[in-house]
1. Return only the number of the condition from (1) part of a helix (DSSP H, G or I); (2) open to solvent by 10 Å² or more (accessible area, probe 1.4 Å) that ASP260 does not satisfy.
2. Given the residues SER189, SER185, SER193, which is the only one that is touching a Leu at 6+ places or on another chain (Cβ under 9 Å) and not hydrophobic (A, V, I, L, M, F, W, C)?
3. Given the condition surrounded by fewer than 21 Cβ atoms within 10 Å (Cβ to Cβ), farther than 23 Å from ALA229 by Cβ, of a type outside the set (D, E, K, R) and over 23 Å from the mean Cα position of the chain (by Cα), answer yes or no: does some residue in the range 336-350 qualify?
4. Just checking, how many residues over the range 15-70 are hydroxyl-bearing (Ser, Thr, Tyr), farther than 20 Å from TYR321 by Cβ and open to solvent by less than 40 Å² (accessible area, probe 1.4 Å)?
5. So ASP371 fits all but one of (1) open to solvent by less than 50 Å² (accessible area, probe 1.4 Å); (2) modelled with pLDDT under 95; (3) acidic (Asp, Glu); what number is the exception?
6. Return the only residue of VAL299, VAL248, VAL293 being closer than 19 Å to VAL349 by Cα, at pLDDT 95 or above and over 21 Å from the mean Cα position of the chain (by Cα).
7. For residues in the range 263-289 being among the aromatic types (Phe, Trp, Tyr) and within 10 Å of PRO312 (Cα to Cα), which is least open to solvent (accessible area, probe 1.4 Å)?
Amino acid sequence: MWTGCWLWPLVAVCTADFFRDEAERIMRDSPVIDGHNDLPWQLLDMFNNRLQDERANLTTLAGTHTNIPKLRAGFVGGQFWSVYTPCDTQNKDAVRRTLEQMDVVHRMCQMYPETFLYVTSSAGIRQAFREGKVASLIGVEGGHSIDSSLGVLRALYQLGMRYLTLTHSCNTPWADNWLVDTGDSAPQSRGLSPFGQRVVKELNRLGVLIDLAHVSVATMKATLQLSRAPVIFSHSSAYSVCASRRNVPDDVLRLVKQTDSLVMVNFYNNYVSCTNKANLSQVADHLDHIKEVAGAGAVGFGGDFDGVPRVPEGLEDVSKYPDLIAELLRRNWTEAEVKGALADNLLRVFEAVEQASNLTQAPEEEPIPLDELGGSCRTHYGYSSGASSLHRQWGFLLASLPPLVLCLCLL
């Protein structure tokens with residue numbers, strides 16, 4: 001009797017060690033690709049993007065969820081670095097801010113070449129895996145970053161953007177955000193406007209992943225129905241587990257399954273438990289639910305580290321990924337399912353997006369209608385030949401006034 005009482009704690013400890021050891025064994029071969037990390041925003045906020053500031057050294061960086069030792073401990077092998085600029089830059093300096101944040105990702109990779117490998121393709125991710133480096137990709141978080149311009153979209157692609165989140169927490173002139181579903185924003189496009197549909201088609205043509213985190217349900221459905229390639233939710237969880245409108249409802253999860261798309265689970269407490277406190281087990285509940293409704297191929301990780309103020313107990317920073325994998329193994333996830341969630345599912349979706357691309361196809365050219373644009377600081381060049389003609393007519397009339405006045409005086 002007493003022997004049994006002593007043995008049970010020992011058995012529990014040994015079992016926990018077994019699952020953790022198994023997690024590390026799997027992750028050495030198949031490291032995690034995380035869909036969303038806001039370290040670039042922290043580098044702006046803390047150091048104004050001055051990476052040579054000794055306090056910004058990523059091997060010793062403190063006060064963040066992410067640094068190089070933590071990435072190594074967490075077996076992070078691929079990371080979409082979030083290029084984020086707040087909604088209050090819309091119709092102002094969003095494009096400039098976006099370019100600066102893309103620049104900081106490039107410089108980060110250049111400063112730490114032994115750790116980061118800047119890549120733009122699924123093949124590049126696999127190369128980074130082979131070299132034991134963190135495949136570093138750029139995800140642009142918020143459609144306002146393109147300033148409603150297909151030309152800007154294409155330029156960002158050339159600079160390395162490999163996913164675009166269609167909205168952040170604000171509508172663009174062409175897509176509605178998640179706050180429409182809470183009543184805090186008014187619907188504008190009721191999903192996607194005709195220009196928003198052209199944005200989706202151009203992303204497909206280029207081979208850029210379409211990210212539906214932050215968008216309204218109507219935008220989710222419209223995009224899933226229109227896109228010729230699978231899409232991702234780079235950092236969203238399951239609405240049925242936590243009824244936040246930032247999460248994905250079951251009817252959309254079924255569309256995710258039909259389209260072979262991917263939901264990368266967010267770790268923000270308020271989207272995990274719908275309260276300020278959460279734990280690792282509750283994150284696993286989201287993963288379980290998405291697997292149940294959409295299939296094991298629809299599950300990934302998008303921690304939102306360094307972009308949120310509260311993360312779950314047991315997932316305090318990027319080093320804790322092995323503990324989450326151990327929990328999934330404890331819940332009888334197979335090794336193949338775990339490897340899918342870690343990397344294989346994202347690689348499958350990325351490869352499908354690349355295969356659906358067609359750079360030989362003519363690009364989308366029709367601009368957004370002028371009356372759909374916001375902001376008072378815009379010029380209107382190119383929008384109306386009629387306006388240009390009218391301007392020339394007024395110029396001719398003004399030029400004719402002096403001779404006309406002279407003639408009248410002579411009379």
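1. (1)
2. Working: SER189 fails: touching a Leu at 6+ places or on another chain (Cβ under 9 Å); SER193 fails: touching a Leu at 6+ places or on another chain (Cβ under 9 Å).
Being touching a Leu at 6+ places or on another chain (Cβ under 9 Å) and not hydrophobic (A, V, I, L, M, F, W, C) holds for just one of SER189, SER185, SER193, which is SER185.
3. The answer is yes; a qualifying residue exists.
4. Adding up the residues that qualify gives 0.
5. For ASP371, the exception is condition (1).
6. Numbers: VAL299 fails: over 21 Å from the mean Cα position of the chain (by Cα); VAL248 fails: over 21 Å from the mean Cα position of the chain (by Cα).
Exactly one of VAL299, VAL248, VAL293 is closer than 19 Å to VAL349 by Cα, at pLDDT 95 or above and over 21 Å from the mean Cα position of the chain (by Cα), namely VAL293.
7. Kept after step one, since they are among the aromatic types (Phe, Trp, Tyr), are these residues of the range 263-289: 267-268, 271.
Narrowing the set further to residues that are within 10 Å of PRO312 (Cα to Cα) leaves 267-268.
On the way: PHE267: 0, TYR268: 32 Å².
Per the stated criteria, the residue is PHE267.
Matching residues to (1) open to solvent by 10 Å² or more (accessible area, probe 1.4 Å); (2) out of contact with any Gly (no Cβ under 9 Å at 6 or more places or on another chain); (3) over 25 Å from ALA155 (Cα atoms); (4) aliphatic (A, V, I, L, M):
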{"residue": "PRO173", "(1), (2), (3), (4)": "yes, no, no, no"}
{"residue": "SER185", "(1), (2), (3), (4)": "yes, yes, yes, no"}
{"residue": "LEU192", "(1), (2), (3), (4)": "yes, yes, no, yes"}
{"residue": "ARG205", "(1), (2), (3), (4)": "yes, yes, no, no"}
{"residue": "LEU209", "(1), (2), (3), (4)": "no, no, no, yes"}
{"residue": "ALA213", "(1), (2), (3), (4)": "no, no, no, yes"}
{"residue": "LYS221", "(1), (2), (3), (4)": "yes, no, yes, no"}
{"residue": "SER234", "(1), (2), (3), (4)": "no, no, no, no"}
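The values are calculated or read from the model by the stated rules, or taken from the named source; none is laboratory data. Worth saying up front: this structure is predicted, and the values here are computed from it rather than measured. Neighbour counts are summed over all protein chains in view; Cβ atoms, including those assigned to glycine, are modelled from backbone coordinates with ideal geometry. Remember, those area values only see protein heavy atoms, side chains included, never the ligands or the DNA or RNA. Shrake-Rupley method; radii C 1.70, N 1.55, O 1.52, S 1.80 Å.
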